[in-house]
Every structure is written in C-alpha cells, then in structure tokens.
1. Looking only at the stretch 133-143, how many residues end up being surrounded by fewer than 23 Cβ atoms within 10 Å (Cβ to Cβ) and outside any loop (DSSP other than H, G, I, E, B)?
2. Among the candidates V370, V324, which residue alone is hydrophobic (A, V, I, L, M, F, W, C), open to solvent by less than 80 Å² (accessible area, probe 1.4 Å), more than 30 Å from G79 (Cβ to Cβ) and under 25 Å from the mean Cα position of the chain (by Cα)?
3. Taking Q168 as the residue in question, decide whether it is surrounded by fewer than 17 Cβ atoms within 10 Å (Cβ to Cβ) and over 17 Å from L190 (Cβ atoms).
4. Given the criterion open to solvent by less than 10 Å² (accessible area, probe 1.4 Å) and at pLDDT below 95, identify the matching residue among M216, M228, M224.
5. Can you name the residue in the stretch 337-349 that is touching a strand residue (DSSP E or B) at 6+ places or on another chain (Cβ under 8 Å) and either β-branched (V, I, T) or without any contact (Cβ under 8 Å) to a residue 24 or more places away in the chain (or both) and, of all such residues, is nearest to E158 (Cα to Cα)?
6. Pairs please, first residue from the stretch 211-239 and small (G, A, S), second anywhere and open to solvent by 60 Å² or more (accessible area, probe 1.4 Å), Cβ atoms under 6 Å, 6+ apart in sequence or on different chains.
7. Any idea which of K129, K63, K91 is crowded, with 16+ Cβ neighbours inside 10 Å and either in contact with a Gly (Cβ under 7 Å, 6 or more places away or on another chain) or modelled with pLDDT under 95 (or both)?
8. Being farther than 15 Å from A192 by Cβ and charged (D, E, K, R) is the filter here; which residues of the stretch 130-150 pass it?
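The values are calculated or read from the model by the stated rules, or taken from the named source; none is laboratory data. Predicted, not measured: the structure shown is a model, and the values here were computed from it. We place every Cβ from the backbone using ideal geometry, glycine too, and count neighbours over all the protein chains shown. Ligands, DNA and RNA are excluded from the accessible area calculation, which covers all protein heavy atoms including side chains. Shrake-Rupley method; radii C 1.70, N 1.55, O 1.52, S 1.80 Å.
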Amino acid sequence: QITNDVRQGSEEMVSGSRAIESEMARLIEGNSRVGETVRDIIKNTGHMEITVETVKGMSHRNKELSDTLYANVRSYTTGETVLRLGYSQSKTHPRHLSAERLAKWVDEKTRGAVRLELFPAEILGSETKMTKDTAEGALDMVITPMQQEYEPKMGIFELPFLFSSFKQVGAVLGGPILEELAESLPAKGLRALAFLESGFIQITNNVRPIRVPQDMSALRIRAMENEMTTRTIKALGAVPVSMPFTKVYDALASGEIDGLENPITNIEGARFYEVQKYLSMLNYKNAFATVMISERVWNTLSTEVQLMLQEGARNLVKDHLKIVEDNEAAALARLEKNGMEVSRPSIDTFRAASRPVYDQAAAQFGKEWVDRIVQAVH
C-alpha cells in the first residue's frame, strides 16, 4: 500500500510538474508577446514624438502665415503698416517693456499709420529661427543677441571680463564702433536700429558653489550658441551645451544639464531658481541685443518711416540700460529669498584662466580690432 501510495504521489508530482512546465511555457510566450508589444509601443511613441514636432512646426508656420496675411490685409484695407517684432523674453522682462515703449512711440508718432505687433517668449520660434526669418524677410523685426552670427566681429564685445561697470557698457552701446561694425549687416539681410543692454552674465548650477575656476570643471552649462561664449565656457573648464531657451528649465530639472549662463533678470524671469541651487556672481561677460529690421522690409518703407523707426529704437538705449541696472539688484535679492545660494568670488583667477580667449580673438579678427575694442571700453 505504501509503495502504491508513493507511486501514485510520484505520478501526481510528475503530472503537476508538466502542468507547471506548460504554464511556464505559456508565460514565457506571453512575456515575449508583451515584449513585442512594448517594442511596438516604443516605436510608435517615437513616431508620435516626430508627429508632434511636425505638428508644432506646422502650427508655427500657420501662425506666421496667418500673421503675414493679417498684416497684409490690414495694410490693404486701412493703409496701416503692420510690422511684426519677435524676441525670446517673457512679458515681465525689460526687453518686452522696451518693446512696448517702442510700439507706443511708433503708434503715436505715425498716428496709427505704422503699428508694431509684439511676439514675446519665442512665440514665432527660437531665437535662431526668428533671426534667420528676419534676414530672409519672413519676419519684419527681431530683438536678438545673435548679431555676431551675421557680423562675427561683434562677438569681440563678449570677451570675458571686458566690462566692469554699466557706465562702460552704456558708452559703447551708444558709441560709433558698434554702428561701424553693423554696416556689414544689410548685405546679409539685416539692418541694426539700436543696441540694447542685456546685463552682466552670471553662472548657475546644481552641483557645487563656484568660487575658483576648478569648481567649473566638467559642468554641463547651457550657453548662448556663439563662438565667443563657447570658447569662454571651455576656457573656464566647463562643457558648453547648445539648447533652445524654452527647453532649458526641463533640462535643468531632469539633470540633463548642470547649469546655465544668463543675466540675473533671465534667471528670475524664467524661474530657474526652482531648479538651480547655486548662483555665482562672476560678471564674466556683458551681453547686448540688437534691434534689427529685415533689409527687405526696410526697403519697402518710406524714408520718413525709416528715420522714425531708427530714432525710436535709439531712444530706448539709455532708459533700457537703467531698467536693466535697476532690476538686477532687486532680482538678485528675490533669488536669494527664493533659496539660491549666492557666491561672489574674486574674478582674478577666472580672468587669468580666460586669457586664451583674447589670443584666439586676436588670431581670428586681428589684434588691432581686439585692441581697439578694449580701448573703447576703457
């Protein structure tokens, strides 16, 4: 009986094992199908992402087309000239405030015959795209710091630690040397009307306080997409990363990049204090933006309107500089209140580390140009 019971138990165990094997086989097959499904989902997600980007691009193009048609209809039906002005900053930024002042001044000066339509916060695309569209005549006007992409010598004004005060900056922005350099822009589709202060540039990050150049070693810093800035960031030991301004917040939050270089007003305006811990007051360069109009559009305007636009843009320079200077101190206090840890290191070692950038600029543009601009500042 015992033998029979053992045999029967063994048979049942074998039968149970076979059932388990069968279930395991079905499970493995099911997992395989799930894996294939997941791969299909990932593949389709990739297609969906591409589709979303395509739709976004189409939306921007449709927006541009509708705005252009609207401007043309307004011009045809009312005799009013509508000029679209695009820039990257939000409605709280000094650049937008100055754009509003310019639009109001133009409206009053022409009694409504010319009107500026303002498009802040990269509504019409990235800074690169808006500048390119203006050069090609697809956009009427732009305020951008990307002037050196069209006249590289303008990049010399972003040499590291070139300026030490807003007074020096104001003297250069209102002086003849920038206008001389801007004479080459019309041949490239752009015409400079005025130069606006953007502020001294600071560096923020999430890794460590920056007190000496070694603290910047290997930090991935989102930087303006121009040669002078890239050279300076590399000379200070960090890794420059090119990225549209609208994607920077998410990249900082996810850790894709460690930090960024920007004026105080931009750091506060974009709420980067929510995703950045350390702020280093280096004043490592001063940035300016150019109010530019498409040369194609410029040539369609009467001499009277041309002079009026130029006068209005130049009238902004002094007041805009004061707005930026006043806002910087107040914005810095608010950043500290919002939890940013601010350091104010001695810049002597940073200046020494960035000295090769001056040698590179002299080799590229000629030592006489570097010396002339340094002399204009000091």
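1. The first filter runs over the stretch 133-143 and keeps only residues surrounded by fewer than 23 Cβ atoms within 10 Å (Cβ to Cβ), leaving 133, 135-138.
If we keep only those that are outside any loop (DSSP other than H, G, I, E, B) as well, we get 133, 135-136.
Qualifying residue count for the region: 3.
2. Being hydrophobic (A, V, I, L, M, F, W, C), open to solvent by less than 80 Å² (accessible area, probe 1.4 Å), more than 30 Å from G79 (Cβ to Cβ) and under 25 Å from the mean Cα position of the chain (by Cα) holds for just one of V370, V324, which is V324.
3. Numbers: surrounded by fewer than 17 Cβ atoms within 10 Å (Cβ to Cβ): yes; over 17 Å from L190 (Cβ atoms): yes.
Yes; evaluated as a whole, the condition is true for this residue.
4. Working: M216 fails: at pLDDT below 95; M224 fails: open to solvent by less than 10 Å² (accessible area, probe 1.4 Å).
The conditions single out M228.
5. Among residues in the stretch 337-349 that are touching a strand residue (DSSP E or B) at 6+ places or on another chain (Cβ under 8 Å) and either β-branched (V, I, T) or without any contact (Cβ under 8 Å) to a residue 24 or more places away in the chain (or both), the one nearest to E158 (Cα to Cα) is I347.
6. From the stretch 211-239, the pairs are A235/P356; G237/S217.
7. K129
8. Of everything in the stretch 130-150, those that are farther than 15 Å from A192 by Cβ and charged (D, E, K, R) turn out to be K132, D133, E136.
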